[in-house]
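Note sheet for the following structure.
The values are calculated or read from the model by the stated rules, or taken from the named source; none is laboratory data. Computed from a prediction, not measured in an experiment: that's the story for all the values here. Because the Cβ atoms are built from the backbone with ideal geometry, glycine has one as well, and the counts that use them run over all protein chains shown.
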Amino acid sequence: MPTQRLGIIMHGVTGRMGMNQHLIRSICAIRAQGGVTLSNGDKVMPDPILIGRNAEKIEALAKAHGIGRWGTDLDQALASQEDTVFFDAGTTQMRPTLLARALRAGKHVYCEKPIATTLAEAMDIAKTAQEATKKSGLKHGAVQDKLFLPGLRKLDMLRRADFFGRMLSLRLEFGYWVFEGDLQPIQRPSWNYRAEDGGGMILDMMCHWRYVLDNLFGQVKSISCLGATHIPQRWDEAGKPYTCTADDAAYAIAELIGHKGEPVVAQLNMSWATRVNRDDLVTFHVDGTHGSAVATLTDCKAQSRVNTPRPVWNPDVKQTMNFTEQWQDVPDTQVYDNGFKIQWEHFIRHVVEDAPYSWTLPEGAKGVQLVEAALQSWKERRFVDVPSLKF
């Protein structure tokens, strides 16, 4: 079968997410499997060029993973006619400008989330991308990796099978303890806790929860959110103390309009200052009239209406029921690949053969909209409506 080359400019892949999920587990894995298969059986082989500011670091990364092309000159890379896709996993603050430059250079664009730090910037770059599509046929996309997690795909299968009946509520619990850096080494970059550098739990995670809520549970109608900076001081990569200016936790309630038009209540708890006592770093507990389910990153368990036990409330007697054993596992019925890799394959097919693709920059702008609504709610201590965006 013929194999078509696709040149991809990969910017910002020396960071944790860009390197591990996008370069190693997506592009390198796609190359190792022989490329992406198109609908007619032909193959597309991604040919990345790594672009970054630190020449030594970017060269070492390229050599470590068999990438023959790398550089530090983004303008030169964008000027090349051999590379038609631009991907960005750098800083959120620079992203709208970089995406606009790539679009002006005639590149398809794909990027990490958030697509911007403000809704105005997000709307502007989304509209710019849409205009580029109309004028030049350029494609655009934003990462929405959580939709491809095995646990959420199983949860979505239950929803599509009408397992829940009328959906009532969702309880999302996310987070873990991020070390301060004085006693144990940090496991997240220090900029995550500085608002001036684009950090913050609300900015980082509300973008994810928006597309998860919209696609799996219902359209977001309004939100009430309380943010917090629980840990006021941390230590950076050099071991120097700094003041945390960004929120490291958020506690929110969102009103949703379910897929059947029913009201759904979503509780969203997220924290980098919590110690885990649950099945995974994130869990999604869904209750409905006909059944309930709890999904993790990889697994999902369910309890139907007819299998629901009858516990007895008696604070004077030790509880004898083992509630976690009363749920049934939703089995693996297929092989689940890496979620980032799956979306990369979708985007490559979208670019090469115009395959359907719904995870666009306007969808990314909706995530930034929820961020701003949550921040406004925190500031004004009230529910904030989340209207439909007009593009």
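What about Val220, is it under 15 Å from the mean Cα position of the chain (by Cα), touching a residue at least 24 places away in the same chain (Cβ under 8 Å), at negative phi and surrounded by 15 or more Cβ atoms within 10 Å (Cβ to Cβ)?
On the way: under 15 Å from the mean Cα position of the chain (by Cα): no; touching a residue at least 24 places away in the same chain (Cβ under 8 Å): yes; at negative phi: yes; surrounded by 15 or more Cβ atoms within 10 Å (Cβ to Cβ): yes.
When the stated conditions are applied, Val220 does not pass them.
Is there any pair with a first residue in segment 325-336 that is assigned by TED's automatic domain parsing to the domain that holds Arg305 and a second that is exposed (fewer than 12 other Cβ atoms within 10 Å of the Cβ) whose Cβ atoms are under 7 Å apart and which are 6 or more apart or on different chains, and what are they?
Short answer, once both residue conditions are applied: Gln326/Pro309.
How many residues are out of contact with any strand residue (DSSP E or B) (no Cβ under 7 Å at 6 or more places or on another chain) and more than 21 Å from Met321 (Cα to Cα) if we restrict to segment 264-280?
2
Hey, can you tell me all the residues within segment 287-303 that are crowded, with 16+ Cβ neighbours inside 10 Å and over 20 Å from Asp145 (Cβ atoms)?
Those that are crowded, with 16+ Cβ neighbours inside 10 Å and over 20 Å from Asp145 (Cβ atoms): Asp287, Gly288, Gly291, Ser292, Ala293, Val294, Lys301, Ala302, Gln303.
Do you know which residues across segment 260-276 are under 14 Å from Phe164 (Cα atoms) and crowded, with 16+ Cβ neighbours inside 10 Å?
Val264
Determine which single condition Arg234 fails, assuming it passes every other condition in (1) part of a strand (DSSP E or B); (2) more than 25 Å from Asp156 (Cα to Cα); (3) out of contact with any Pro (no Cβ under 9 Å at 6 or more places or on another chain).
If we test Arg234 against (1) part of a strand (DSSP E or B); (2) more than 25 Å from Asp156 (Cα to Cα); (3) out of contact with any Pro (no Cβ under 9 Å at 6 or more places or on another chain), just (3) comes out false.
Mind telling me which of the residues Gly7, Gly41, Gly66 ends up being over 21 Å from Thr92 (Cβ atoms), in contact (Cβ under 8 Å) with a residue 24 or more places away in the chain and buried (at least 16 other Cβ atoms within 10 Å of the Cβ)?
The conditions single out Gly7.
Looking at segment 80-102, which of its residues are β-branched (Val, Ile, Thr) and touching a residue at least 60 places away in the same chain (Cβ under 8 Å)?
Residues satisfying the conditions are Thr84, Val85, Thr91, Thr92.
Looking at segment 69-105, which of the residues that are among the basic types (Lys, Arg) and either within 21 Å of Arg16 (Cα to Cα) or in contact with a helix residue (DSSP H, G or I) (Cβ under 6 Å, 6 or more places away or on another chain) (or both) is surrounded by the fewest Cβ atoms within 10 Å (Cβ to Cβ)?
Arg69
Which one of Lys341, Lys318 is at pLDDT 95 or above, charged (D, E, K, R) and on the phi < 0 side of the Ramachandran plot? Show your work before the answer.
Numbers: Lys318 fails: at pLDDT 95 or above.
Lys341 is the lone residue from the list that is at pLDDT 95 or above, charged (D, E, K, R) and on the phi < 0 side of the Ramachandran plot.
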